């Protein structure tokens with residue numbers, strides 16, 4: 001394949017692979033801005049991916065599959081919120097339990113329905129935009145994506161505007177920084193946290209669905225399907241300084257890393273060691289970003305701290 005075509009293919013795939021990371025990271029921005037860390041994103045994405053595939057195959061409707069993934073993500077978000085916000089259990093422990101629970105449920109359903117689910121489904125077709133889609137290179141990269149890719153960027157922008165330009169966004173940021181003062185000002189701290197964690201669960205559900213419906217079309221197991229994207233989403237939140245807008249850039253950088261890794265077969269002639277190096281690129285980027293940005297970022301002051309009204 002000519003070098004120019006390879007570059008176009010890598011950049012085209014990078015936007016598709018940005019999609020699940022961006023959905024998940026925007027949801028996590030909201031959860032962490034309110035003071036709640038969700039370490040269960042990876043498992044929620046796996047469960048939602050499985051549910052979306054199962055319902056889509058059963059009903060023949062991608063929309064029903066997406067709706068089922070949203071319900072699955074919301075259920076896991078509600079469970080996480082109840083235990084951490086209402087009961088006040090350690091957020092790190094609960095997040096890891098949610099990760100294990102959701103992933104185990106997904107793999108159990110898959111193994112007991114493997115013959116139904118093994119065939120998979122065709123991924124959602126790219127949108128054709130007259131004139132723009134026909135442009136050389138740029139048309140392929142930017143204007144030939146599927147609708148879920150465009151939706152991920154739209155969600156990031158809209159939720160960024162809500163966070164920074166609305167009263168509710170101000171309440172979220174206030175709760176994450178100083179819940180006591182927010183409570184004194186008449187803000188229901190735990191209600192804000194419940195809603196943000198629920199939103200984070202929903203977007204993690206959409207992220208999982210986007211992997212199946214908008215990209216792969218199949219489910220294997222949670223670990224190999226999601227492949228660390230849930231953990232990467234948490235890194236993106238730190239890299240982005242808890243900003244939905246910056247999360248777009250951070251998600252794309254990791255999407256580019258996954259895209260390069262997915263083309264590792266092109267470089268197989270250089271030897272197996274080279275191919276494995278390309279597969280490791282997203283995780284190398286994660287380590288580099290953590291080392292660079294961990295000192296220059298300040299998380300919300302009340303993150304991981306339960307709030308009990310006195």
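The values are calculated or read from the model by the stated rules, or taken from the named source; none is laboratory data. This one's a predicted model, so the numbers in the text were calculated from it and none came from an experiment. All Cβ positions, even for glycine, are placed from backbone atoms using ideal geometry, and neighbour counts span all protein chains on display.
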- Item | Conditions (1) surrounded by fewer than 17 Cβ atoms within 10 Å (Cβ to Cβ); (2) within 25 Å of residue 108 (Cβ to Cβ); (3) modelled with pLDDT of 95 or more: number failed by residue 58 | (3)
- Matching option when the condition is in contact (Cβ under 8 Å) with a residue 40 or more places away in the chain and either over 21 Å from residue 77 (Cβ atoms) or in a helix (DSSP H, G or I) (or both), among 162, 172: 172
- Scanning the stretch 128-150 for residues that are crowded, with 18+ Cβ neighbours inside 10 Å and in a helix (DSSP H, G or I), the one farthest from the chain's Cα centre (by Cα) turns out to be 140
- Can residue 157 be described as surrounded by fewer than 17 Cβ atoms within 10 Å (Cβ to Cβ) and at pLDDT 95 or above? yes
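Here are some residues: 88, 73. Which one is touching a residue at least 40 places away in the same chain (Cβ under 8 Å), crowded, with 24+ Cβ neighbours inside 10 Å and under 30 Å from residue 188 (Cα atoms)?
Answer to the selection: 73.
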- Query: When you go through 241, 217, 228 one by one, which is the residue that is surrounded by fewer than 21 Cβ atoms within 10 Å (Cβ to Cβ), modelled with pLDDT under 95 and more than 21 Å from residue 282 (Cα to Cα)?
  - Reply: 217
- Give the residue, chosen from 7, 55, 44, that is free of Cβ contacts under 8 Å to residues at least 12 places away in the same chain and more than 23 Å from residue 168 (Cα to Cα). 7
- Name, by its number, the condition in (1) exposed (fewer than 15 other Cβ atoms within 10 Å of the Cβ); (2) touching a helix residue (DSSP H, G or I) at 6+ places or on another chain (Cβ under 9 Å); (3) at positive phi; (4) touching a residue at least 24 places away in the same chain (Cβ under 8 Å) that does not hold for residue 120. (1)
